[in-house]
Structures are given as structure tokens and as C-alpha cells.
């Protein structure tokens, strides 16, 4: 068995969202940011990071679990997540 570590990941927005399991198009998600829980309306009103609630790894795991059991796709659209990323196992 080989062991290693992920040092850095460089990609454009589309590629990073795809690898991370997030919605590729921000127009298909209520909470479109992979770093915080901003909505589109919030992002139009506020311009500093302090105004937005950060996504924590723990909350992200809970959201991933919820979307896996949601048959309507509503939670996926709300959270902006398509699937759990394999990168979650690296962190």
C-alpha cells in the first residue's frame, strides 16, 4: 500500500466544483459557494467574508449524507452539492 498527501489542487471554478462534488453551474444551487452558505441574494447585498456563514467540514458531511437519501434532488439544489467527494477522505 502506498501512502501520500494532497498538497495542493489547482483548477478553474468548473473543475474544482466537479472534483469537490459541488454543482458545476452556480445557477443551479441556492447556496452556490463551496466555502460559505451564501445565497445569490446575500452575495448581492454583502461584499465581505465576515457577512457569510462558513461551511464547516462537519456540516458538509451532514449535507452530503442528507443529499444521498433525498430522492427529490431538493437538498442537492439547496446545498449546492451533487455528491460526496473522494477528497473528503484525504482531509
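Each value in this text was obtained by applying a stated rule to the coordinates, not by laboratory testing. Predicted model, so just to flag it, every value in this text is computed and none were measured. Note that each Cβ is placed from the backbone with ideal geometry, even for glycine, and that neighbours are counted across all protein chains shown.
Could the peptides 82-89, 36-43 be put in order, highest first, of the mean number of other beta-carbon atoms found within 10 Å of their residues? Each step should come with its number before you reach the end.
On the way: 82-89: 13.6, 36-43: 15.4.
Answer by packing, highest mean first, reads 36-43, 82-89.
Once the Cα atoms of helix 57-69 and of the chain are each reduced to a long axis, what angle between those two axes, in degrees from 0 to 90 to the nearest 10, is obtained?
So the helix axis and the longest Cα principal axis differ by about 90 degrees.
Note the listed values (i) 23, 17, 12; (ii) 21, 14, 12; (iii) 17, 16, 13, then indicate which one is semi-axes √(5λ) of the Cα gyration tensor in Å calculated from this particular structure.
(i)
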